[in-house]
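The values are calculated or read from the model by the stated rules, or taken from the named source; none is laboratory data. This one's a predicted model, so the numbers in the text were calculated from it and none came from an experiment. Every residue, glycine among them, receives a Cβ derived from its backbone with ideal geometry; neighbour counts consider all protein chains shown.
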Amino acid sequence: MADPILLREVSKAYQTAAGPIPAVRSVSLAVRDQEFLSILGPSGCGKSTLLGMIGGLVAADGGQILIDGEAVTRPSPRKVAMVFQDPGLFPWRTALDNVCFGLELQGVPQARRREVALGLLEPVGLKGFEDRYPRELSGGMRQRVAIARALALDTPILLMDEPFGALDEQTRLLMGEWLVGIRARTRKTIVFVTHSLQEAITLSDRIAVMTSRPGTIKDVLPVDLPYPRDLNSPPAVALRAKLWDHVRDESLRAMEGRA
Amino acid sequence: MRVWTWRALFLAGVLGAWEAVARPLDPVLYVAPSAIPGALLRVLRGQDMPALSGHLWLTLQEIGAAYGLAVAGGLWLGFLLGLRPLLGRIYEPILAALYAIPSVVWYPSLMLFFGLGPSSKIAFGFLLGFFPIVLSVLAGVRQVDRHLITVATSMGAGPWAVFRKVVLPGMASTLAGGLRTGLALSVVGVLVGEVLGARSGVGYVLNYVYGLLRTPEYVGLVVIVAAVVLVIDGVAGIFEARAKRWAG
């Protein structure tokens, strides 16, 4: 099967009053079918921009982005769903109605929408919270509603932009475990942006390390470890050391660049 | 309950004090509360004065027309400027400056343009109601969380769906506030217009009894106008609360 996501020499610069600022430079990457690929990099390295381009929210300046062999020009909600660091729930909708949003746009009848949404909220541990408004939910619950909302689109591809970045560490660990379960059930192709080494190692099949701005792919490392992953096992420790080596350099450069 | 008790006591105290002060003085200048029920009755019967119902109906129609135009114009211009950032940047300061000018200064020119009839009142009510609506649309559009628009777009929402399902609910409470203020000001505009010069309408009747120094009837009319305005604002308040609840 052909790779569902293919990037060729993709670049992007943001136009500012002070001139163009390059954000992503010449990224080439193939994401395999049903793969969990993490993009790891220091903050501000353009990983979110890269994900936005794959999702069709940001236009690339150069290069080519193909989803199932078709060039991306705008969001394609039948193939790609997205989750962001800020859950972005609609405050005027209940948890259930938030999950229904995408199906509503696709004209799915109400009874069917409700059925799908209820079926998604239960496994994410939100049974009984269907009629709560976002402000009545905790941060972790909100992000689970947002993920359920993305899953409702039932797309083969899921793009996640630091989805657990705003959560406390405990919640973050639990959400990671939970995502491994979801992934095992749904067999989606997932691209997961993160700056956490631990998260990348626990979740991914492969980890793409990005350089600091303008971001480009420095290395792609496979993670050949069985689930559930033990971060203290020798291969995990070795991988972590290798990743840290890459990321440390880039983070230092990013820090100096900003200072 | 305590609040209501205190409020009632306060109002009773004010009326009592007013009565005590007014009773020994000239009844033309100082209308005692005890004189109001009789005056109200004479106003409602149209005793020795124009019948109220026709004039009140005309005033309500003028308010309806003025407010309808203010809503239509305000929403149209507000969304035009709010959804096109460049236009907004060009014209919003002009709007804000116009809003800062006391609107009464426009009234003489409106009378010149539209004459003494209802149109000048409608124009003035429109002018007063229009600004808070436009400005609330502009503020509301700006207050919509950009991230929610990104999220909706990522799920395939086009411009119309974004507008209907994200922008509109996201700004509903601000818009409802603006619509309510606009209504209150449209009412003020029409009434002020009538008082400043008209041949019919509640303002005309007010001037009529006032001109004959029939102050008790004048106060009675004021009470009626106040009651009508309170009812209108109360209904608007219910709508506003509903919109706010809907928008979370």
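Here are some notes:
- Total residues in segment A:79-122, condition in a loop (DSSP other than H, G, I, E, B) and within 14 Å of chain B (Cβ to nearest Cβ): 15
- Checking each residue in segment B:205-248 for being within 14 Å of another protein chain (Cβ to nearest Cβ) and either among the charged types (D, E, K, R) or at positive phi (or both) picks out B:Arg242, B:Lys244, B:Arg245, B:Gly248.
- When A:Glu122 is tested against the conditions (1) modelled with pLDDT under 90; (2) of a type in the set (Asp, Glu); (3) under 21 Å from the mean Cα position of the chain (by Cα), the lone failure is (3).
- Only one entry in B:Val71, B:Val31, B:Val21 is touching a Ser or Thr at 6+ places or on another chain (Cβ under 6 Å) and over 16 Å from B:Asn207 (Cα atoms), namely B:Val31.
- Residue in segment A:124-135 that is surrounded by fewer than 21 Cβ atoms within 10 Å (Cβ to Cβ), assigned to a helix (DSSP H, G or I) and more than 12 Å from every other protein chain (Cβ to nearest Cβ) present: no
- The sole residue among B:Ala96, B:Ala123, B:Ala172, B:Ala157 that is modelled with pLDDT of 90 or more, assigned to a helix (DSSP H, G or I) and either surrounded by 20 or more Cβ atoms within 10 Å (Cβ to Cβ) or of a type in the set (A, V, I, L, M, F, W, C) (or both) is B:Ala123.
- Annotation note: Cβ proximity below 6 Å between a residue of segment B:222-242 that is touching a residue at least 60 places away in the same chain (Cβ under 8 Å) and a residue that is crowded, with 17+ Cβ neighbours inside 10 Å and assigned to a helix (DSSP H, G or I) (sequence gap 6+ or interchain) occurs for B:Glu240/B:Ala176; B:Glu240/B:Arg180.
- Of all residues in segment A:53-78, those being within 17 Å of the chain's Cα centre (by Cα) and more than 13 Å from chain B (Cβ to nearest Cβ) number 2.
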